[in-house]
Amino acid sequence: MGYPILDPIAAAIVGFMVTRMGWNFGWDALHDLMDRAVDDVEVQAIRQTLIDTPGISNVHDVRTRKMGDMIVVDAHLEVDADLSVEQGHDIAVAARNRVLQRHRVINMMTHVDPYKRPDRDHEAPRLPDSGSSGGV
């Protein structure tokens, strides 16, 4: 076109674009290799799915980390303290399945915590003897 200065300017622009794309791809790949949590919006969505599960009173200590494009979740689920261990386990399994079906979660670890409702009077369960019979 008769403007010799345009070639180096166009080369600089293309070089900048290639460098920027390489930086972005490298930065994203580096983050995928390191443990990092997902954003707050996704954590809130997972928390809401857990709270909406029948039998769960509350959810706390939700921890997430990315594993490639997927998510690994750890959560504490509060269930009624009067439920049996089996019932609490069934609720935790149902909550886990709901999260795995609705979110990009590859694995979820749950911990069931007893929730003592304030309108009920709970007394501590009687535990079996530790086996000591008198003294040693």
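Within segment 41-88, track down each residue that is over 18 Å from LEU100 (Cα atoms), part of a helix (DSSP H, G or I) and among the charged types (D, E, K, R).
Across segment 41-88, the qualifying residue is only GLU86.
Looking at (1) surrounded by 11 or more Cβ atoms within 10 Å (Cβ to Cβ); (2) at pLDDT 95 or above; (3) not hydroxyl-bearing (Ser, Thr, Tyr), can you tell me which one GLY55 breaks?
In the conditions (1) surrounded by 11 or more Cβ atoms within 10 Å (Cβ to Cβ); (2) at pLDDT 95 or above; (3) not hydroxyl-bearing (Ser, Thr, Tyr), GLY55 misses (2) alone.
The values are calculated or read from the model by the stated rules, or taken from the named source; none is laboratory data. All values reported here derive from a predicted model rather than from experimental measurement. No Cβ is skipped: glycine too gets one built from the backbone with ideal geometry, and neighbour counts run over all protein chains shown.
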